[in-house]
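First comes the structure, then the notes that go with it.
The values are calculated or read from the model by the stated rules, or taken from the named source; none is laboratory data. On a predicted model such as this, the values are computed, not experimentally measured, just so you know. Ideal geometry is used to build each Cβ from the backbone, glycine not excepted, and the neighbour counts take in all protein chains shown. To get the accessible areas, we keep the full protein, side chains included, count just its heavy atoms, and leave off ligands, DNA and RNA. Shrake-Rupley method; radii C 1.70, N 1.55, O 1.52, S 1.80 Å.
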Amino acid sequence: QYFELYKQRLQKLRPSLKDTIKDKWGQNTKICRYILDCENSTRDEVAIIGTLFKDMKYKPNALDEEEEEEEEEDDNDTEMNGSKCIDDDQKMNGDLSKLIGSKISNSDFLVLEDENGSIKITGKCFKKHKLVTGIIVAIKGTINRKNGYFIGTDYLLCGLPSIQPIPSYGPSTNNKYVALISGLEISNMIKSKLDKDNNNKHCIAIRLLFDYLCGYSSNNADDTDLSSKICRAIFAGNIISQELPDEDESIFYDNNFKKTQEATINSLDQRLKELDLMIAQLSSTCVVDIMPGFLDPSDQSLPQQAFHRCLFPMSSSISTFKRVTNPYKVTVDGREFLGTSGQNFHDMMKYSQLNMIETMELSLKSRIIAPTAPDTLACFPFKINDPFLINKCPHVYFSGNNDKFRYKNIIHPNDNKTKICLIQIPSFIKTKQIVLFNLNTMTPEIMQFGF
């Protein structure tokens, strides 16, 4: 069912790769129309174009997972000893750095595929754990006619797409800022009485955050004007982080459990109303964009659809409040922002040895927001086009819900004066930090609210 998606991705990016081949490897480079044509080529060295696939020993398999679930049901003693598997969302909610390479092994190998066939590839130019499934690549090399492997000597990605020049603001007095926030997780404010101190700290930090964004207070004396220059606030996922009731029949009808669930739901409802009020107040001072995340009540498959308006009834009546999708793209004063709530980059980290910034750079240079979808990341089976293709290079590329703040500037090869900023937005519940991006200097800075 996903063949058409991969086909569209390859057909859209193949012309760009052919142009890149001519620029990098010369006009005389022989480009095979299809991958298997290299077997009949009279030239020793040719170039082939296709979709990269990583055959991985530890990649989840639906049939294996079903067998494991059956074994767990038959062996209750093992389950009681705490040997249950931790799902990916729980891993993501912990230390994200542990995701790097969590599913790789030395036995993994690379395959290149197109509409007509596939071929196993090898060569010293490849660092297999620095690549991921789903990217479109061009490989130069020769075929080993004894074993059928294609031995690559070099490979190319599509490279950064074209970018629009950034209009100038003029003097530094014209600074304007976009606030980037992720991981509010308001449901964690009401989780447990045993963790009451941390919950109270989280409540206070959220109120401090909205007071600052609305201009009611500042972090220090020098920041008064800074908060007043925030023209837009983008919330990049995991705002609610709602936990659904346990459906285990053995406890579902227990009276104590039902009372606990009712109290939790009522408390969450109250927190949602408070959040709605704070966002409505913020929407009166600047434009607010709210994206869903992997822990929010939205689609599990990418692209995630916008929150239902019933979650934010007061804010939804204000024109400057935007319920948006994940991924999300918006242009602010000629600066294009593109980003996600993070699950696409977290998935790339699991199946490679790349850190967050490196996955973002690979994604951008491959011109694909979520290259591992649909192989290891759930997405809708699009047939007409691939919504994850990056046709125009953003000036700001962001990822939400990270353990810490980092950023990197990239200079566009076709415009030395235009730089692209890659930003990993820290999770607010973990760090109590947000990012303020200066639209004039094109640089981010961190703001701290409590500890």
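What are the residues whose amide H is under 5 Å from the amide H of Thr443, where those residues sit 5 or more places off or on another chain and H is modelled from the backbone?
Correct list: Asn438.
For region 320-451, what is one quarter of the convex hull surface built on the Cα atoms, given in nm²?
Over every viewing direction, the Cα hull of region 320-451 projects on average to 9.6 nm².
Tabulate in residue order the Karplus-calculated ³J(HN,Hα) for region 425-436, using 6.51 cos²θ - 1.76 cosθ + 1.60 with θ = phi - 60°, rounded to whole Hz; enter x for Gly and Pro.
With coefficients 6.51, -1.76 and 1.60, one gets 7, x, 6, 5, 5, 8, 10, 6, 10, 10, 10, 10 Hz.
Among the lysines, which have Cα under 25 Å from the Cα of Lys124 when same-chain residues fewer than 8 positions away are ignored?
Partners within reach: Lys18, Lys22, Lys24, Lys30, Lys54, Lys57, Lys59, Lys103, Lys140, Lys146, Lys350, Lys365.
Once amide H atoms are built 1.01 Å from N in the peptide plane, which residues 5 or more positions from Ser352, or in another chain, come under 5 Å H to H?
Gly101, Ser102, Lys103
Pulled fully out, how much extra length does the chain show between Thr29 and Asn200, if you take 0.36 nm times their separation in residues and subtract their Cα-Cα distance?
Here the answer is 55.1 nm.
So, for region 352-403, what is the accessible surface per residue at a probe of 1.4 Å, expressed in square angstrom?
Here the per-residue accessible area is 29 Å².
Just report the Cα centroid separation between region 107-181 and region 388-436, whole Å.
Their Cα centres are 19 Å away from one another.
Using a 1.4 angstrom probe on the protein heavy atoms only, could you order Phe398, Phe380 from most to least accessible area?
Phe380, Phe398
Among the chymotrypsin sites (Phe, Trp or Tyr not before Pro) within region 336-395, which fall in a DSSP loop and have no more than 14 other Cβ atoms within 10 Å of their own Cβ?
none
Suppose each label sits 7 Å from its Cα in the direction of the beta carbon; what would the Lys417-Thr331 distance come out to in nanometres?
1.9 nm
Mind listing the long-range amide H neighbours of Val332? Cut-off is under 5 Å, sequence gap 5 or more, other chains count too, H placed in the peptide plane at 1.01 Å from N.
Phe337
How much space per residue, in cubic angstrom, does the convex hull of the C-alpha atoms of region 276-363 take up?
Cα convex hull per residue, to the nearest whole number: 112 Å³.
Within region 386-451, report the trypsin sites (Lys or Arg not before Pro) that DSSP leaves as loop and that have at most 16 other Cβ atoms within 10 Å.
Loop-located and lightly packed - Lys392, Lys404.
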